[in-house]
Amino acid sequence: MRRYRRNVTQPSDIAFLLILFFLVLTGAVVDRALTIASSEVTTAHVQESPVIITVDTAGVARLGQSHLDPSLRTQIQGKAVIVEASADTRWDSVVAALSTVTDYGADSVSLSMGKQL
Amino acid sequence: MRRRKPHVASAMTDIAFLLLLFFLIFSITTHRVPSDVTLAASETAEIADDHQLILAVDADGNVYTGDQIIAIADIAYVPVVSVYADEAVPFSALYPLLQHLQENGVPTVQCVVRPK
């Protein structure tokens, strides 16, 4: 009677492929975050003349009376920025403002809650 | 006649499956954030540092650690706190948490976002 060799390599091959899959998966799924300076969350006067960006309830970000756009990049670059959002501002609008000032090269970004804007 | 050594492939398979289980459990248990939290999108976010404490804030302003709601006052000090806040949460609901972290001397708060 002819004996067949047990094929034991196949399950281990599959297992190692799955291991590779999960290794890549756990390495590839990285979180992305915007870092804010916690120590300045409430203290607007700590930095020397920080740039204050206000975000109103509609989510519109302004520097003074001007809308936040690339023409303001030079005023933000290398500066300490405080993003002052009103109480009813949605978080995604705040994140959009944080994201923009980070993109414009702000040195540090902190958060503050302003009056109803 | 010499006896043949037993095949060691089955032991390799055991190791492989143990490793597989490890990575399965690892990928399931990491980043346990409430599923109803939709992160805000950002183009400029950088890769987050290692999470020392993960806090999730849902659209109603409830603060979670893992699956449990936690009172802001009960949040202990860690140097790096990662905040997974829902995009729809009003800033007034998130601000007390940020204030508490500041009062506790937490130097770095990572606002976790999803890449745009």
With the checklist (1) closer than 25 Å to A:Val101 by Cα; (2) open to solvent by 20 Å² or more (accessible area, probe 1.4 Å); (3) more than 7 Å from chain A (Cβ to nearest Cβ) in hand, flag the one item B:Asp36 doesn't pass. (1)
I'm trying to understand the selection: among the residues of segment A:84-117, which are closer than 15 Å to A:Ala37 by Cβ, more than 7 Å from chain B (Cβ to nearest Cβ) and polar (S, T, N, Q)? A:Ser108, A:Ser110, A:Ser112
Screening B:Ala93, B:Ala59, B:Ala88 for residues that are more than 7 Å from chain A (Cβ to nearest Cβ) and in a loop (DSSP other than H, G, I, E, B) leaves only B:Ala59
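Would you confirm, using the coordinates I've provided, whether B:Ile47 is closer than 18 Å to A:Arg32 by Cβ, without any contact (Cβ under 8 Å) to a residue 12 or more places away in the chain and surrounded by fewer than 22 Cβ atoms within 10 Å (Cβ to Cβ)?
Yes.
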With respect to the numbered conditions (1) farther than 20 Å from A:Glu84 by Cβ; (2) under 12 Å from the mean Cα position of the chain (by Cα), which one is the sole condition not fulfilled by B:Val83? (1)
Some residue of segment B:73-82 being surrounded by fewer than 13 Cβ atoms within 10 Å (Cβ to Cβ), facing another protein chain (nearest Cβ under 8 Å) and assigned to a strand (DSSP E or B): no
What strands (runs of 3 or more DSSP E), lying completely within segment A:1-70, carry at least 2 residues that are within 11 Å of another protein chain (Cβ to nearest Cβ) and at pLDDT 80 or above? A:32-37
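The values are calculated or read from the model by the stated rules, or taken from the named source; none is laboratory data. As the structure is a computational prediction, the values presented were derived from the model and not from experiment. Don't worry about glycine lacking a Cβ; one is built from the backbone with ideal geometry, like all the others, and counts go over all protein chains shown. Each accessible area value is taken on the protein alone, full model and side chains, heavy atoms only, with ligands, DNA and RNA left out. Shrake-Rupley method; radii C 1.70, N 1.55, O 1.52, S 1.80 Å.
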